[in-house]
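Engineer: Shown below is the structure under consideration.
Rule-based calculations on the coordinates, nothing more; no lab input. Just so you know, these numbers come straight off a predicted model, no measurement behind them. Note that each Cβ is placed from the backbone with ideal geometry, even for glycine, and that neighbours are counted across all protein chains shown.
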Amino acid sequence: MSRGPEPSMEVSFVGKRALVTGAGKGIGRHTALALARRGAKVTAVTRTQADLDSLLQECASITPVCVDLADWGATAAALQAVGPVDLLVNNAGCASLQPLLEVTPDQFDQSFNVNVRAVLHVSQIVARGMKARGSGGSIVNVSSQASQCALRDHAVYCATKGALDMLTRVMALELGPLQIRVNSVNPTVVMTDMGRLAWSDPHKSNTMLARIPLGRFAGETREA
């Protein structure tokens with residue numbers, strides 16, 4: 001008995017409106033492009049205009065928003081006119097690495113403002129709209145394995161990602177009854193610009209690589 005063709009694994013986002021933060025580089029940029037190429041109407045948020053300009057050259061259908069998410073007032077003003085959002089990807093993040101005994105208040109505040117507080121704020125803005133429309137939606141927070149594993153010189157970064165994981169759980173609990181799904185993804189090292197900053201030194205990276213069966217970080221290619 002013959003079987004029909006296998007169903008396509010290609011996911012379509014036609015008719016969906018997506019907002020991606022930290023969309024200028026790395027994971028956020030690739031996420032914004034992937035969503036747009038699968039039919040979503042994408043709004044890309046980043047603080048660097050040059051990154052938005054190059055992103056639009058790659059995909060002209062993306063709507064750009066340039067704002068520093070660490071600035072609460074500027075963020076509220078910038079996102080006010082974005083309109084309805086069905087899918088939010090909270091990807092924006094920063095990593096300022098230093099030994100525990102050298103952490104400064106400014107470094108601490110900047111990391112928590114971007115990695116945790118901005119996620120809360122943008123999620124509030126988007127989820128209020130989802131609630132008002134009664135149509136539900138989805139929020140994905142980009143966390144890290146650093147929320148689960150202590151890493152040298154990553155005291156503040158690890159703390160922000162641990163906080164983000166717990167924030168995600170509370171968001172899921174409170175927003176679930178509104179048909180708003182909330183999840184986190186927790187990748188290991190990804191060789192974005194930020195990843196290279198922390199893990200390009202073989203002295204640091206070899207121990208981590210030894211625990212990865214493929215022997216390479218995500219986003220990194222190795223010749224066979």
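Engineer: What is the range 40-132's relative contact order, in percent, from Cα pairs under 8 angstrom and six or more apart in sequence?
Structural biologist: Value for the range 40-132: 27 percent.
Engineer: Then there is this: For M166, M130, what's the fewest-to-most ordering of other Cβ within 10 Å of each Cβ?
Structural biologist: Lowest to highest Cβ neighbour count: M166, M130.
Engineer: Sort E174, E10 so the one with the fewest other Cβ atoms within 10 Å of its own Cβ comes first. Don't skip to the answer; put the middle values down first.
Structural biologist: Details: E174 12, E10 6.
Final ranking by Cβ density, sparse to dense: E10, E174.
Engineer: Then there's this: Just to confirm a number: summing +1 for Lys and Arg and -1 for Asp and Glu over residues other than V14 whose beta-carbon lies under 10 angstrom from that of V14, what do you get?
Structural biologist: Numbers: positive: K16, R38, K41; negative: none.
Once positives and negatives cancel, what remains is +3.
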